[in-house]
Amino acid sequence: MTSVHTLMPVDYYRLPFCQPKGGPKLDSENLGEFLAGDRIENSPYRLKMKTDMFCEQLCVSNLGRSEAQGVSPNKMVRAIRRNYHNNWIVDNLSAASKAEDDDTITTRYWQGFPVGFVASDTHKAYIHNHVNIEIMYHAVETQTEKFRIVRFTIEPFSVKHEIAEVKKAADDDDASDEEEVIVATIKNPIESCDPKKEKVHTNYDMITYKGREPQLASGQVLFTYDVKWTENKELHWASRWDIYLSMDDAIPAKVHWLSIANSLVIVFVLSSMIAAILVRNLRRDFHRYNRIASDEETAEDLEEFGWKLVHADVFRPPSFSPLLLSVCCGTGAQLFCMGFLTILFSMMGFLSPANRGALIMALLL
């Protein structure tokens, strides 16, 4: 999980989210992913191609103590207040985030979706415990019954499920793809979670219906999700990453002005110190050269001193290690060529963003 307010990422399972059977497992990574800090882990969410799912229950998790004045908040509340975002991927495609209000529906193609939100009226943290997983696909033209995922969008909601009874969830290996996993009995189900009504996907009107409240980021919380598959014949496989690269120009880049100001102040102070030392030495040398020397000092002044001792050494190869100069020049030329060729191959499309870590691998090779 990442945040625009801090540069420190947080491991997803350090927070009390639902975990897969046997615990989270890391995916195999290449050298570029490892150096970039990417960590891909499995999740308990179940997806089946072209099969819609309605209000699937995931687990009941205890998020910790409630918010109160003078009491340290729990991990989930701290993550929400620091504006952390979940970074999910499906078929190596990053999740876009869909936000909906009374007037508009906005899709932001940043990486991930917010863990929760802080209400403007109560100033309390609420968690997104329900997500609509919307996946677009198209059929492979050269093969039958083969499909490709071309868009992955998450629409998060905060739903307060009043739990009457917590049951033991079925194991993922024992439950079939069509079998619904029941974790708890909901006393106040929304329309999409009510088994007595027709199956529909969760939407904004259900969440904001009169009498409904969002879920606080504390206590026992039921996590649920919907899965919606939509065929998109116009979006081609080769261009599925285009909208992610431009981010749809919806999220302005936040500049860390405080860090930049600190760096500039340090550079200015150190540069001023070095400049003061150099100016002092040069003034002392100039004063010594310009004064009228006596007969006794003439012999001593014939020997050069100060900056005159090194005024011609800039064009002279080092006598103790000529190879060191060659290594430094060669390293600089190599770094320049490496950066130029990597940018050139990226502009030509040889380095695809779908191959995670490919950019760093190209720099190293």
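The values are calculated or read from the model by the stated rules, or taken from the named source; none is laboratory data. Every value quoted in this text rests on a predicted model; they were computed, and no experiment measured them. Every residue, glycine as well, gets a Cβ built from its backbone with ideal geometry; the counts of neighbours run over all protein chains shown. These area figures cover heavy atoms from the full protein model, side chains too; ligands, DNA and RNA do not enter into them. Shrake-Rupley method; radii C 1.70, N 1.55, O 1.52, S 1.80 Å.
With R₀ fixed at 45 Å, the C-beta to C-beta distance from I163 to T142 puts the FRET efficiency at about 0.40. Counting only Cα atoms, segment 33-86 measures 49, 37, 16 Å along its principal axes, largest extent leading. Once both labels are positioned 7 Å from their Cα atoms along Cα-to-Cβ, the gap between T185 and I40 label points is 4.2 nm.
When the Cα convex hull of segment 1-77 is projected onto planes of every orientation, the mean area is 8.3 nm². Per-residue SASA remark: K233, around 150 Å² accessible (1.4 Å probe; ligands, DNA and RNA not included).
Computed from label points 7 Å out along Cα-Cβ, the spacing between K210 and V267 is 6.1 nm.
Pairs from the table (K21/K197; K50/K197; K48/K98) lying more than 27 angstrom apart at Cα are K21/K197. Tell me which of L58, G112, V71 sits at the most positive position along the dipole axis of segment 1-139, charges placed on C-beta atoms (Lys, Arg +1; Asp, Glu -1). Value computed over the given set: V71. Cross-link pairs exceeding 32 Å in C-alpha to C-alpha distance, out of K75/K210; K25/K233; K146/K210, comprise K25/K233; K146/K210. Ignoring solvent entirely, what values of log10 I(q)/I(0) come out of the Debye formula for segment 1-146 at 0.11 Å⁻¹ when each Cα is a single scatterer? Here the Debye-derived log intensity ratios amount to -0.53. The mean sequence separation of alpha-carbon pairs under 8 Å and at least six residues apart, normalised by the residue count of segment 1-45, gives a relative contact order of 33 percent. Averaging Cα coordinates gives a centre for segment 31-56 and one for segment 191-237; these two points are 19 Å apart.
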